[in-house]
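Structure record follows, encoded as structure tokens.
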Amino acid sequence: MKFENKPLTNNEYVLNWIEECAALTNPDRIVWIDGSEKQIDELRAEACKTGEMIKLNQELLPDCYLHRTAVNDVARVEARTFICTKKKEDAGNINNWIAPRECYKTLKKLYKNSMVGKTMYVIPYAMGQLGSEFAKYGVELTDSIYVVLNMVIMTRAGEAVGKYLDESFIKGLHATGTLDPDNRYICHFPEDKTIWSVNSAYGGNVLLGKKCFALRIASFLGKTEGWMAEHMLILGLQSPDGEIKYVGAAFPSACGKTNLAMLVPPEYYRKKGYKVWCVGDDIAWLRVGSDGRLWAINPENGFFGVAPGTNEKSNPNALAATRSGTIFTNVCHDLDTNTVWWEGLNDRPPKHAINWKGEPWDYRKYDKADKINTSGAHPNSRFTAPAKNCPCVSDKFDDPAGVPLSAIIFGGRRAKTAPLVYQSFSWQHGTFVGSIMASETTAAAAGAIGVVRRDPMAMRPFVGYDMGDYWKHWLDMGKKIPNPPKIFHVNWFRTDDEGNFIWPGFGDNMRVLKWILDRCDGKVGAKRTAIGYVPKVTDINLEGLKLKRKTLKELLSIDTESWKADIANIKEFYALVGKRVPKRLYKELEKLEQRLDK
Ligand code: SAT
Ligand code: MN
């Protein structure tokens, strides 16, 4: 096999696999990604030459680039995502499934000669800190420079990874192919530690370290190895005495994980000395520590955040993180300044601009009801920014041991049913609360937007095995954690009758976090209700906020009728998940029904 540069491993198993993939895809060149600045610069230059990327104003946005994906390739495609276990029942009813042998056969036809005239890049990468007990390793083969440059930001990639590669590595093969949406496949073979992705070039479908490895494959590994891979941000809340408590929070895609992870406390709290530190904004790997607590690491090395709505007020930390070394995808290009813009950045849309589709854009034609066709930036446009750029990145970010969690928070977008916050009665009940999570859909995945769907633990698109088994794993883990985090549920998205959000959200979510951590410390009481412990109206601090106690009361109220109506939907969902739903969860459901009837 001809490598254009020195291979970064001598491991025969790894080299044989690369050879097999090269024989199938037939690239003109094979290049190892060592991650050196020189190599990255050359790749950026090449991508700019071919038009794959646009170099932005280097004075205002040093080392920043813009990329546009194909118009039909702008989000994860769940309908084209498959878990290919040998037995269908191991993938479960929620996942799409194809038998591995059949899937390999179908995809081989699509991969065949797909890299003729192209370069195959070999990206060795780690999820987690190199050399740590928590870390796992992978190699992604891809024909896309965009993928290479994103992976170098999102993971710890390059030369240093070489010595860790052995037979346990995760094999990832990505070919851009023809981008034919009907032949787009994102396939996972957990039993073979393999990921095959073809005919897409959009982030979540092709940055194989992220959802494919760090959630789908990792959740599968976690079940067998006794740990958990979750769709969670990790943040640390520092109190005035300097103590930092850590929280993991699972929300569906595009529901504000990045904003919460980088929260700036309201002035009232800031003045007292409260501060939030970001450990991660999307994925957490959780293990039981020798001290009996649940410890979390963020296996990633960067942020792949939603651009629209990010601004100086909503998330100054994320915005700061994007001011250098960042790749923007599908945002609006301001031709006057050669910078980028998106809806919600500010109220000064560029006068001479190119929209996310690559067409001249007239901001005056923007129509909220038809965002996809009239906005400058796609609603799911993204920034890929190095974590180190974030002003509030935690000093534990690189700590191989991670951080101990005091609380786990589940949340979704619910206009009505869920109150602002409630606490589960126990780990078991908390697992139930996670299993019945529901949220209105967003632009992060292809399909209708704003439809309520059940999204357990925000993991519906990301569990690499049967959902019932996944819940069982949660229950089993609870028995193994002597000092487990307390489990809460939040909903920042409750609306009034006109559809306006009632809770201000963003920095003010700190007020809810504070109640949560005070509960963990036993410092504050609560009201026991049918669904869990709810704050007393006087226990959420509203200092410095123009919100009436009456409104807060409404935010904390439980609409028994809508909960009862939800029960039928939960039952339907459990039935859909099927035979492997743990009895314990049915028991919790029954108890909830009884409490609601009282
Ligand atoms: O597109 S990604 O899957 O990487 C981001 C997300 O949907 O959370
Ligand atoms: Mn996500």
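Which value, in debye to the nearest 20, describes the size of the charge dipole of the chain about its Cα centre when Lys and Arg Cβ atoms bear +1, Asp and Glu Cβ atoms bear -1, and nothing else is charged? Write down the numbers at each step before the final one.
Values: 82 positive and 71 negative charges, 359 e Å.
Dipole magnitude for the chain comes out near 1720 debye.
Kindly provide log₁₀ I(q)/I(0) values, in the same order as q = 0.12, 0.19, 0.26 Å⁻¹, from the Debye equation applied to equal alpha-carbon scatterers of segment 409-479.
Debye curve over Cα of segment 409-479, log10 I(q)/I(0) at q = 0.12, 0.19, 0.26 Å⁻¹: -0.35, -0.82, -1.23.
Per residue of segment 528-533, what does 6.51 cos²θ - 1.76 cosθ + 1.60 with θ = phi - 60° give for ³J(HN,Hα)? Whole Hz please, x for Gly and Pro, Karplus curve as stated.
7, 10, 4, 9, x, 7
If you average over every viewing direction, what projected area does the convex hull of the Cα atoms of segment 324-455 give, in nm²?
11.6 nm²
Can you give the local net charge around Phe189? Use residues other than it whose beta-carbon is closer than 10 angstrom to its beta-carbon, Lys and Arg +1, Asp and Glu -1.
+1
Cut-off under 16 Å on the C-alpha distance; same-chain residues fewer than 8 positions from Lys6 excluded. Which lysines are left, in chain and number order?
Within reach: Lys38, Lys163.
As a test of the formula, what do you get for the chain when each DSSP H run with n ≥ 4 contributes -39,500 (n - 2.57) and the sum is divided by the residue count, at 222 nm and rounded to the nearest 500 deg cm²/dmol?
Numbers: 17 runs with 163 residues, N = 598.
The per-residue figure over the chain is -8000 deg cm²/dmol.
Report ³J(HN,Hα) in whole Hz for each residue of segment 117-132, in order, from the Karplus equation J = 6.51 cos²θ - 1.76 cosθ + 1.60 where θ = phi - 60°; Gly and Pro get x.
Result, rounded to whole Hz: x, 10, 9, 9, 9, 10, 10, x, 8, 10, 9, x, 6, 3, x, 7.
Under the rule of at least 5 residues apart or a separate chain, name every residue whose amide H is placed under 5 Å from the amide H of Val122.
Those qualifying (amide H under 5 Å, at least 5 residues apart or on another chain) are Val31, Trp32, Ile33.
Can you return the aspartates and glutamates within cross-link range of Lys88? Criterion is Cα-Cα under 20 Å, with same-chain partners fewer than 8 residues away left out.
Glu78, Glu102, Glu191, Asp192, Asp466, Asp469
Work out which GluC sites (Glu not before Pro) in the chain are exposed loop sites (DSSP not H, G, I, E or B, at most 13 other Cβ within 10 Å) and give the longest gap free of them.
313-497
Give me the distance between the Cα centres of segment 535-598 and segment 99-131, rounded to whole Å.
So the two Cα centres are separated by 44 Å.
Tell me, how many Å apart are the Cα centres for segment 205-251 and for segment 38-55?
About 32 Å separates the Cα centre of segment 205-251 from the one of segment 38-55.
Can you list the HN-Hα couplings for segment 161-169, worked out from phi with the Karplus curve (6.51, -1.76, 1.60; θ = phi - 60°), rounded to whole Hz and with x for Gly and Pro?
So the Karplus estimates, Gly and Pro as x, are 6, x, 6, 8, 7, 9, 5, 8, 5 Hz.
Return Cys520, Cys48, Cys212, Cys64 ranked ascending by Cβ neighbour count within 10 Å, so the fewest neighbours appear first. Walk me through the numbers before you get to the answer.
Details: Cys520 18, Cys48 14, Cys212 28, Cys64 22.
Ranked by crowding around the Cβ, least crowded first: Cys48, Cys520, Cys64, Cys212.
Which links in Lys210/Lys472; Lys271/Lys388; Lys564/Lys598; Lys2/Lys136; Lys527/Lys591; Lys211/Lys579 stretch past 20 Å when you go from one Cα to the other? It would help to have the intermediate numbers written out before the result.
Details: Lys210/Lys472 24 Å; Lys271/Lys388 26 Å; Lys564/Lys598 12 Å; Lys2/Lys136 27 Å; Lys527/Lys591 18 Å; Lys211/Lys579 26 Å.
Beyond 20 Å between Cα atoms: Lys210/Lys472; Lys271/Lys388; Lys2/Lys136; Lys211/Lys579.
Any idea which of Phe303, Thr329, Tyr366 is furthest toward the positive side of the dipole for segment 303-389, if Lys and Arg beta-carbons carry +1 and Asp and Glu beta-carbons -1?
Of the listed residues, the answer is Phe303.
Normalized C-alpha radius of gyration of segment 303-389, against 2.2 N^0.38 Å?
Taking the Cα Rg and dividing by 2.2 N^0.38 Å, one obtains 1.02.
Need one number: the % of Cα-Cα pairs in the chain sitting beyond the 41 Å mark.
21 percent
With +1 on the Cβ of every Lys and Arg and -1 on the Cβ of every Asp and Glu, and nothing else charged, how large is the dipole of segment 303-389 about its Cα centre, in debye rounded to the nearest 20?
Numbers: 11 positive and 9 negative charges, 39 e Å.
Using only the charged Cβ atoms, the result is roughly 180 debye.
Every number in this text was worked out from the coordinates using simple rules, so none of it is lab data. Quick caveat: nothing in here was measured; it's all calculated off a predicted structure. Positions of Cβ are generated from backbone atoms using ideal geometry, with glycine treated the same way; all protein chains shown enter the neighbour counts.
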